[in-house]
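What follows is a short report on a single structure.
A short reminder: the numbers here are calculations on the coordinates, not readings from a lab. Every value quoted in this text rests on a predicted model; they were computed, and no experiment measured them. When we count neighbours, we look across all protein chains shown, and the Cβ atoms used for this are built from the backbone with ideal geometry, even at glycine.
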Amino acid sequence: MKSTVYSRFMQVSTATKLSHGQPTAESFLTNARMAGMKSVRVLTKLFRSIGYKTNLPPMTTTRDTMLARIRQNKPEPLPLPDVPTFVNEADDLSDRFEKALAFVGGQLVDLQATPASLVGFLQETFPDAQRIASSVPLPGLALVPVGPETDKQVLEQIDVAVLRGDFAVAENAAIWIPEASMMHRALPFITQYLVLVVDRDALVPNMHVAYERLDRSRLTYGTFIAGPSKTADIEQSLVIGAHGARSLTVVLPE
């Protein structure tokens, strides 16, 4: 249908051009009506495609009209409100974090309360781990080198990933891991077991304070991780380790 109408338009326009020279906008519209066209926007595009110049005023679409009205009635900008951080100074952050971590299925290890070092803890907790990747120095352990370009086939074979967390959130046990500490963006999610090392003085009360702490000017990528991978989609039955790490251990160093 469109090709037939276009052909008729070309025939009428060409005939007009041959008999009367360069047609005017009025003759253009007449030709268009004779060809059976109704859309002025389509007509103008066709008219210009064969080299004609129109004196028609610029067409305004419904979209242009709507945007113009929005700009005309745009209110004056207002400053953002001050959002409180909802911090309760009486909170015991360590206790709250430990309870939240247990609730989401994680485990807390305080190396000050045990005679073992981080290396000793890893050897005792994961005796069968053959492939360990770490952004934290682990003297005496053979580590798998991992970087941004590491192949996924290497990543999927990692047994334990030990990563440094910048800080932890007491209210929900979420730990912020920036890209610089991940070694590879997929590593925290593809490893079998995940160990996050967080300084004990790097606890913040809630997510309000956590977001204030993020350096957005230097941020490229990062993620909050709270507990191991889990799902309860099927019959509301909680399954730990469903999609990613099978366990999460948070270590407070000595």
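Overview of values
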{"item": "Gain upon complete extension [residue 221, residue 143; 0.36 nm per residue less C-alpha separation]", "result": "25.7 nm"}
{"item": "Label point distance in nm, residue 73-residue 159, each placed 7 Å from Cα along Cα→Cβ", "result": "6.7 nm"}
{"item": "Kirkwood hydrodynamic radius of the stretch 183-225, from inverse mean 1/r over distinct Cα pairs, in Å", "result": "12.6 Å"}
{"item": "Volume per residue of the C-alpha convex hull in the stretch 93-252, rounded to whole Å³", "result": "126 Å³"}
{"item": "Coarse-grained scattering of the stretch 90-137 at q = 0.20, 0.21, 0.27, 0.28 Å⁻¹, given as base-10 log I(q)/I(0) from a Debye sum over alpha-carbon atoms", "result": "-0.88, -0.93, -1.06, -1.07"}
{"item": "Eligible aspartates and glutamates near residue 99 by straight Cα distance, threshold 13 Å, same-chain separation 8 or greater", "result": "91, 171"}
{"item": "Loop-resident sites, the stretch 70-108, for chymotrypsin sites (Phe, Trp or Tyr not before Pro), counting at most 15 other Cβ within 10 Å (DSSP)", "result": "86"}
{"item": "Residue 88 versus residue 213: modelled label distance in nm, points set 7 Å from Cα along the beta carbon direction", "result": "1.9 nm"}
{"item": "Cβ-based exposure ranking for 234, 158, 190, 132, in which fewest neighbours within 10 Å come first", "result": "234, 190, 132, 158"}
{"item": "Percent of Cα-Cα distances greater than 12 Å, calculated over the stretch 60-108", "result": "78 percent"}
{"item": "Potential lengthening between residue 64 and residue 103 on full extension [0.36 nm per residue; Cα-Cα distance subtracted]", "result": "8.7 nm"}
{"item": "The stretch 70-87 and the stretch 88-149: distance between their alpha carbon centers, rounded to Å", "result": "42 Å"}
